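Asker: Let me begin by handing over the structure; questions about it come next.
Since every read-out is calculated from the coordinates, none of them should be taken as a lab result. No experiment lies behind these values; they were computed from the predicted model shown. In this analysis, Cβ positions are derived from the backbone assuming ideal geometry, glycine residues included, and neighbour counts consider all displayed protein chains.
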Amino acid sequence: MGKHLMKLAYKILAYFIAVEVAVQASMVVLGDAGLFKYIEQGGVLDKAAAESGAIQFPEFFAFIVHGINGMMVIPAVALILLIVSFFTKIPRAVGAAGLVLGLVVLQVALGLLGHSIPALGALHGVNALLLFSAAVYAARRGRAAVVSTPAQPVRV
Amino acid sequence: MNATRRRGARIRLALAGIATLAIIGPLLWLWQSSLMPGTYSVMDMGYADHGGAQAMHGSGHSGHLAAGPGGPSAPTRSLNEFIADPDRKADVDVTLVARKQRFKLATGRSVDGYTLNGTSPGPVINATAGQLVQVRLVNESVPDGITLHWHGVDVPNSVDGVAGVTQDAVTVGGSHVYRFVADQAGTFWYHSHQVSHEQVQRGLLGALVVAPAQAHAGTTDVVALLHLYDGARTVNGREGDVRVDASPGSRVRVRVINTENGQTSVWAGAPFRLLAVDGTDLNDPGPVRGTAVPLTAGGRADLEVTMPEDGSPVRVHIGGPTGLVLGSRSHDAPPVPRPTTNLDLLGYGTPAPLGFDPDQPDRRFTYEIGRRPGFLDGMPGIWWTVNGHMFPDVPMFVVAEGDVVRMRISNQSGETHPMHLHGHHAVVLSRNGVPATGSPWWVDSLEVPDGDSFEIAFLADNPGIWMDHCHNLPHAAEGLVAHLMYEGVTTPFTVGGPNHNKPE
């Protein structure tokens, strides 16, 4: 019973990370689009305005979501995924969860370092695709285990 | 067979449990050890950094840090002793009443914030150099309590207005008197230093202008205080252009104050001179055109525009399309695009004596700003560090009165930081190893961009306990705060406590 719950939790958490990566991609482009529309319409954004704590253009919230998701929610969920992976008997679950967590750490680092070296921001975009793939790979580990179980009695 | 399987399962479960503990245990420990006590003295915070001067001054002076206030090793003075002459009559006497209220900007926009005497920004306090300024602050209805900090004025420490360091926050119904001699002519501002990241943003601030003892005749003097209310960009509390009357050929001194958390820039549609930075006149500033002046968060820049003889108006931009329009017959001046070049103060004006020799420092400090993951008072995040340490384990820069102090401020944190030292003005010696060649560039608020490093120097001539923090005020609340402390000075105030002192 507990085992099945853990397997389900593992799958849900891994898919959740994949969905979160998609949300991140969507939010950052939404924010950029809003910013450029704001500039297009004559808006000016200097550091004083950006740091004023108020929303200068409606899509600004997307950057806030991107920041909270990327620095808090996704790392926390990736850590929980790793812990859950210890309690499942899904083959290579720990490895997959470790890979996801590693890519999350790399992703946060690339995102922050991109503020200093914009070229690293480009890698942030590519690493997002790797992280998405790793999360889906992890989520599908459980399915492989379920498929292989009924085959066993036949072989014995 | 079954038993073996069950034992294997049990071992697997135990291993999983151990692995979980191996992850969660250290995290819990880090979380727990980051929790701040409800009440603490900033003197007990972090570790003492003597700037390499222990040998010179003896270990006896430093003993009081560990011994706490009133320690036996050195004669100590409470910072309450550092006051203006109590027998002297005030030349400028102002009462400011703080309220939490909804108020209207000139354009009718309604703002939910704080006012001083019913307005935000509060009234401009005008003094003449050498006058004794006395301000009585009354808290009518600000629930968190308030203080007033005199940003850029090197006041006696007891009236620096930092809740939990130099005073208790003034609670509702209470009042507090600030007395100081405004001995330096220049542009300054005042703001609350209690829950400052919230109270400043929502309006507890105003301008302080100290005129020189001998006024410049024929110059129009105008304050341009930048503040954003709920995202609305205002100058002197007005959205849109502020119009100033100035006759052709006359000179206008525009005192720009950046009360925001981020840098802005100032440029004009006519040549101008940059007369002063952070309340200190520059030496021999020449005219510039097609150049923008970057203005640090918390910093001030005084521009002098000479009005064209043909009577055409001049627009002074502050960060965006709006600002001030100086003119006589017409105030219809088209916007000017922001120049692509910035005025570099490292080489502006001509050198002048500093009053001390920065090449013979008594103390040398490093203030290196970084960033790393961790817990700040139990909150996980990626937080600022000072010299690799996270708040509250930050350095306490210890000096003795009369010391010449050099400090290297560098930033590898990925974001720019406007660094503000209370109670002193520091001179910029070099940036990224390139020495300053222009006028002495005295600052109280210095923008330190990501990847840059500055060498600054100052004379420790104002004993007390002084904050040295980032004036992007949310960053200060996120732990980018250190203190400068004079040997033998103690504070009776604590952060937290019954008044809920919370300086950041």
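Asker: Let a ≥ b ≥ c be the square roots of the eigenvalues of the Cα gyration tensor of the stretch B:90-218; is it rounded (a/c under 1.5), or, if not, prolate (a/b larger than b/c) or oblate?
Answerer: Numbers: a/c = 2.12, a/b = 1.32, b/c = 1.61.
Taking the square roots of the gyration eigenvalues as a ≥ b ≥ c, the stretch B:90-218 is oblate.
Asker: In whole Hz, with x marking every Gly and Pro, tabulate ³J(HN,Hα) for the stretch B:233-244 from phi via Karplus 6.51 cos²θ - 1.76 cosθ + 1.60, θ = phi - 60°.
Answerer: Working through the residues one at a time gives 7, 10, 10, 6, x, 10, 7, x, 6, 9, 9, 10 Hz.
Asker: I've got another one for you. I'd like the per residue volume of the convex hull spanned by the Cα atoms of chain B, given in cubic angstrom.
Answerer: Working: hull volume 100.6 nm³, N = 504.
Once divided by residue count, the hull of chain B is 200 Å³.
Asker: Using a simple charge model, +1 on the beta-carbon of Lys and Arg, -1 on the beta-carbon of Asp and Glu, nothing else, what dipole does chain B show about its Cα centre, in debye to the nearest 20? If you can, show how the numbers build up before the last one.
Answerer: Numbers: 36 positive and 49 negative charges, 420 e Å.
Roughly 2020 debye for chain B.
Asker: A further question follows. Given a Förster distance of 56 angstrom, what is the FRET efficiency for B:A129 paired with B:L30, based on the Cβ-Cβ distance and rounded to 0.05? Could the numbers behind the result be given before it?
Answerer: Values: r = 51 Å, r/R0 = 0.92.
Once rounded, the FRET efficiency stands at 0.65.
Asker: Say R0 is 45 Å: what FRET efficiency, to the nearest 0.05, do A:L120 and B:D284 get from their beta-carbon distance? Don't skip to the answer; put the middle values down first.
Answerer: Working: r = 43 Å, r/R0 = 0.96.
In this case the efficiency is close to 0.55.
Asker: With θ set to phi - 60°, apply the Karplus curve 6.51 cos²θ - 1.76 cosθ + 1.60 along the stretch B:171-185 and write out the HN-Hα couplings as whole Hz, x wherever there is a Gly or Pro.
Answerer: Coupling constants for the stretch B:171-185: 7, 4, x, x, 8, 8, 10, 10, 10, 7, 8, 7, 8, 10, 6 Hz.
Asker: Taking 0.36 nm per residue of separation and subtracting the Cα-Cα distance, what length does fully extending B:R88 through B:A14 add?
Answerer: Details: separation 74, 0.36 × 74 = 26.64 nm, distance 7.62 nm.
Length difference between fully extended and current span is 19.0 nm.
Asker: Find the lysine pairs in the stretch A:2-149 meeting two conditions, Cα atoms under 29 Å apart and a separation of 8 or more places or different chains, and report how many there are.
Answerer: The number of close lysine pairs in the stretch A:2-149 is 5.
Asker: Additional query: Taking B:K100 as the anchor, which aspartates and glutamates have their alpha carbon closer than 14 Å to its alpha carbon, excluding any fewer than eight residues away along the same chain?
Answerer: Result set, ordered by chain and number: B:D112, B:E140, B:D144, B:E198.
Asker: Spin-label point model (7 Å from Cα, Cβ direction): what's the A:I55 to B:N2 distance in nm?
Answerer: 6.2
Asker: In addition: Beyond 45 Å, what share of the Cα-Cα pairs of the protein assembly as shown remains, rounded to the nearest whole percent?
Answerer: Numbers: 61336 of 217470 pairs.
When all Cα pairs of the protein assembly as shown are counted, 28 percent exceed 45 Å.
Asker: For the stretch B:448-504, what Kirkwood radius comes out of the mean inverse Cα-Cα distance, in Å? Intermediate values should be presented prior to the final figure.
Answerer: Values: mean 1/r = 0.0728 Å⁻¹.
That comes to 13.7 Å for the stretch B:448-504.
Asker: What shape does the stretch B:292-367 take by its C-alpha gyration tensor, where a ≥ b ≥ c are the square roots of the eigenvalues and a/c under 1.5 counts as rounded, a/b above b/c as prolate, and the rest as oblate?
Answerer: On the way: a/c = 3.44, a/b = 2.33, b/c = 1.48.
Since a/c reaches 1.5 and a/b is larger than b/c, the shape of the stretch B:292-367 is classed as prolate.
Asker: Ignore the peptide's own chain and count Cβ atoms of other chains within 10 Å of each Cβ in B:407-419; give me the average, rounded.
Answerer: Working: counts 0, 0, 0, 0, 1, 1, 3, 7, 5, 3, 0, 2, 0.
Partner-chain Cβ atoms within 10 Å, mean over residues of B:407-419: 2.
Asker: Shifting gears a bit: Please list, in chain and number order, the residues 5+ apart from B:V394 or on another chain whose amide H is under 5 Å from its amide H, with Hs placed from the backbone.
Answerer: Here B:G46, B:Y47 satisfy the definition.
Asker: What trypsin sites (Lys or Arg not before Pro) in the stretch B:234-310 are in a loop by DSSP, with at most 14 other Cβ atoms within 10 Å of the Cβ?
Answerer: Values: sites: B:R238, B:R243, B:R251, B:R253, B:R255, B:R273, B:R289, B:R300; in loops: B:R289.
Those that pass, being in a loop and sparsely packed, are B:R289.
Asker: Add +1 for every Lys or Arg and -1 for every Asp or Glu among the other residues with Cβ under 15 Å from the Cβ of B:Y114, and state the total. Present the calculation step by step, with values, prior to reporting the outcome.
Answerer: Working: positive: B:R99, B:K100, B:R102, B:K104, B:R202; negative: B:D112, B:E140, B:D144, B:E198, B:D230.
Taking every other residue near B:Y114 into account, the sum is 0.
Asker: Could you give the nm distance between label points at B:D344 and B:T95, where each point is 7 Å from its Cα heading toward the beta carbon?
Answerer: 5.3
Asker: I would also like to ask the following. If R₀ is 56 angstrom, what is the calculated FRET efficiency for the pair A:L8 and B:T119, using the beta carbon separation as r and rounding to 0.05? List each step's numbers first, then the result.
Answerer: On the way: r = 60 Å, r/R0 = 1.07.
It comes out at approximately 0.40.
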